[in-house]
Amino acid sequence: MRIRQIALVAEELAPVQSALFDMLGLDDAYVDPKISKFGLQNIVMTLGDTFLEVVCPIEAGTTAGRLLERRGGDGGYMVIVQIDDLAVEKERLAGTDIRTVWEADIGHARAVHLHPKDVPGAIASLDEMTPPEAWYWAGTDWDTRTAKNAGRICAAEVQSDDPLATAERWALAYNRPIDDNAEVPTLRFDTTEVRFVAAEDGRGTGLRAIDIETTDKDAVFAAAQRHGLEQDGNTVIVCGTAINFV
């Protein structure tokens, strides 16, 4: 079990894509031809064997569009965790008060999205792939589009007014204990983690940051400067999200 994909939401896709391509060292991304039925357009970028997606509403009344309005602009949207057996997880979740808002089963890829009122901070998703190393949400040839300047996504950070209560909901959703020894409430998966912190920016509950392993920080930060992005140490703000390059 690990974070396999993070999704961000943008009011305008082109400037965010330009900045991320330049920073991460990418020439191409996967575009899901079926996502338009949700009133969205997207790109899915390959970072090692994990994925960073950006979605953008192209119709009124989308969930992503409502999130943009509620949080006052671009920001985090989804945390997608790969699990071994979705049928087992669905049976377990049926014994909790957590609702699902969407599910898909196309044979070799299965997923459920959990209700954001039950698991606050982002749309939490549980996804199963056959074989496990595949990731069909990024196409079958995702490994031909790997970022040059960055490696895997290794963490996500969710903010709320009550970080511990939010962490407890995520712990129930993914059946993982909260790490009592961490500085902030933290849910640890096999190789990745979700941290829970207090909301202090006036934007309310949401996905505020992600950690990305970096292979060429000089190239990343030079690109951030070219695009005029806010930077603080190893952190760059892009698409309303703090990206920590670790």
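The values are calculated or read from the model by the stated rules, or taken from the named source; none is laboratory data. Computed from a predicted structure; not experimentally measured. Cβ placement follows ideal geometry from the backbone for every residue including glycine, while neighbour counts extend to all protein chains displayed. Surface areas here come from the heavy atoms of the whole protein model, side chains and all, with no ligands, DNA or RNA. Shrake-Rupley method; radii C 1.70, N 1.55, O 1.52, S 1.80 Å.
With respect to the numbered conditions (1) open to solvent by 20 Å² or more (accessible area, probe 1.4 Å); (2) touching a helix residue (DSSP H, G or I) at 6+ places or on another chain (Cβ under 8 Å); (3) small (G, A, S); (4) in contact (Cβ under 8 Å) with a residue 40 or more places away in the chain, which one is the sole condition not fulfilled by A147?
Exception for A147: condition (1).
Could you grab me the full set of residues in the range 124-149 that are touching a Lys or Arg at 6+ places or on another chain (Cβ under 9 Å) and part of a loop (DSSP other than H, G, I, E, B)?
T130, W135, G139, N149
I3 is checked against (1) under 21 Å from I212 (Cβ atoms); (2) among the aliphatic types (A, V, I, L, M); (3) part of a helix (DSSP H, G or I) and fails just one. What number does that condition carry?
(3)
List every residue pair whose Cβ atoms sit under 6 Å apart, with the two residues 6 or more apart in sequence or on different chains, where the first one lies in the range 158-174 and is under 19 Å from F189 (Cα atoms) and the second, anywhere, is among the aromatic types (F, W, Y).
Matching pairs, first to second residue: V158/F196; P163/F196; T166/F196; A167/F196.
So which of R203, R188, R208, R176 ends up being of a type in the set (K, R) and under 15 Å from the mean Cα position of the chain (by Cα)?
Values: R203 fails: under 15 Å from the mean Cα position of the chain (by Cα); R188 fails: under 15 Å from the mean Cα position of the chain (by Cα); R176 fails: under 15 Å from the mean Cα position of the chain (by Cα).
Answer to the selection: R208.
Could you please give the count of residues in the range 46-79 that are closer than 20 Å to R4 by Cα, out of contact with any His (no Cβ under 9 Å at 6 or more places or on another chain), open to solvent by 10 Å² or more (accessible area, probe 1.4 Å) and in a strand (DSSP E or B)?
2
Can you tell me which residue within the range 9-45, out of those that are farther than 18 Å from L68 by Cα and aromatic (F, W, Y), is surrounded by the fewest Cβ atoms within 10 Å (Cβ to Cβ)?
F21
Taking interchain pairs and intrachain pairs at least six residues apart, which have beta carbon atoms under 9 angstrom, with the first residue in the range 84-104 and farther than 12 Å from P116 by Cα and the second of a type in the set (K, R)?
L86/R110; A87/R110; L93/R99; E103/K90; E103/R110; A104/R110
Quick check on my filter: what residues within the range 179-215 are open to solvent by less than 40 Å² (accessible area, probe 1.4 Å) and among the hydrophobic types (A, V, I, L, M, F, W, C)?
A182, L187, F189, V194, F196, V197, A199, L207, A209, I210, I212
Does the range 58-71 contain any residue that is of a type outside the set (D, E, K, R) and in contact with a helix residue (DSSP H, G or I) (Cβ under 6 Å, 6 or more places away or on another chain)? Don't jump to the end; show me each part of the working.
Our first condition is that a residue be of a type outside the set (D, E, K, R); within the range 58-71, this holds for 58, 60-65, 67-68.
Of the ones still in play, those that are also in contact with a helix residue (DSSP H, G or I) (Cβ under 6 Å, 6 or more places away or on another chain) are none.
No, there is no match, as no residue in the range 58-71 is of a type outside the set (D, E, K, R) and in contact with a helix residue (DSSP H, G or I) (Cβ under 6 Å, 6 or more places away or on another chain).
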